[in-house]
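What follows is a single structure, written as structure tokens, with notes after it.
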Amino acid sequence: MLKQKRALVTGSTSGIGLAIARALHAEGVEIVLNGLGEEDEIAKLREELDADFNGANLMDPHAIAAMMEEVGPVDILVNNAGMQHVAPVEEFPPEKWDAVIALNLSAVFHTTRAAVPGMKEKGWGRIINTASAHSLAASPFKSAYVATKHAVAGFTKTIALELAQSGVTANCISPGYVWTPLVENQIPDTMKARGLSREEVINDILLAKQPTKKFVQPEEVGAMAVFLCSEAAGNVTGANWSIDGGWTAE
Ligand code: NAD
């Protein structure tokens, strides 16, 4: 069913976005990659996925507008690019706050507003926003991240209602901890903020959240995205799907 479809997956040069792009590609979806990275790594990914690429910096609304213009209409929009910054609120650098808001939240609005008219015209579309367990629950020292992920969940519900009769669905996927560079890179700041060793951060902070005591696999998130794009998921809209090893059940 997905063979004639075209998807833009933001932040797909790494981690969860790459896994979603791979999973959609395996279903025959034409992929447009976006993200940062080394030129030769990106060239390899383009070849692997037979994909187009646009390297727009999603913190810049003008760059997003230019990307959406260049990419043209898409059937599937996966807003996945995101960043983390870990610090107590009184030490949280204002420029980091602005950066997290720009990438994790405002970019989702800018791509969505540009993609929706084409989806409405076709009477079919899928918008998937990678939110987080942090769209449902908080952790200390992640004020900007938690604020943006809660906001993305609210934004997704709102557009799902606006688009409810148009054939376009909008949903969040909310992973718990997935072992990607985003998680690995926050370990040093978490060690500093909490005065813990690397092992203590992994076992006592990260995996402590997940009753399964396992990291979520990027491929599992990819499979969930494929289902949300399927015809069988046509009535799933405005939902926030957890894939968090039981974290938010507690
Ligand atoms: P990652 O760091 O592996 O990948 C982030 C992607 O975003 C990369 O492709 C990167 O190049 C891209 N990116 C970063 N800044 C960008 C910018 N300014 N413009 C364009 N692209 C940019 O991270 P990940 O863990 O795969 O995270 C992907 C999404 O999943 C994020 O929204 C994150 O908040 C969310 N998430 C991750 C986890 C986790 O445990 N890893 C859990 C819940 C939610």
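Read the figures in this text as sums done on the coordinates, not as results from a lab. Remember, it's a predicted structure, so these values are computed and weren't measured experimentally. We place every Cβ from the backbone using ideal geometry, glycine too, and count neighbours over all the protein chains shown.
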When Thr169 is run through (1) within 14 Å of the ligand (Cβ to nearest atom); (2) assigned to a strand (DSSP E or B), the failure sits at (1)
Given Ile16, Ile64, Ile76, which one is away from the ligand (no atom under 13 Å from the Cβ), closer than 26 Å to Ser135 by Cβ and in contact with a Leu (Cβ under 9 Å, 6 or more places away or on another chain)? Ile76
Being under 20 Å from the mean Cα position of the chain (by Cα), assigned to a loop (DSSP other than H, G, I, E, B) and over 18 Å from Ala7 (Cβ atoms), is that true of even one residue in the stretch 217-235? yes
Anything in the stretch 94-149 that is of a type outside the set (A, V, I, L, M, F, W, C), away from the ligand (no atom under 15 Å from the Cβ) and either closer than 30 Å to Arg194 by Cβ or not in a helix (DSSP H, G or I) (or both)? List them, or say none. Pro94, Gly123, Gly125, Arg126, Pro140
Do we have any residue at all in the stretch 42-54 that's farther than 14 Å from Ala114 by Cβ, in a loop (DSSP other than H, G, I, E, B) and either away from the ligand (no atom under 12 Å from the Cβ) or within 13 Å of the chain's Cα centre (by Cα) (or both)? yes
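Filter the stretch 203-214 down to the residues that are closer than 30 Å to Glu91 by Cα and either within 17 Å of the chain's Cα centre (by Cα) or away from the ligand (no atom under 12 Å from the Cβ) (or both) and list them by number.
Within the stretch 203-214, the subset closer than 30 Å to Glu91 by Cα is 203-210.
Matches in the stretch 203-214: Asn203, Asp204, Ile205, Ala208.
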Confirm whether Glu200 is charged (D, E, K, R) and near the ligand (Cβ under 10 Å from one of its atoms). no
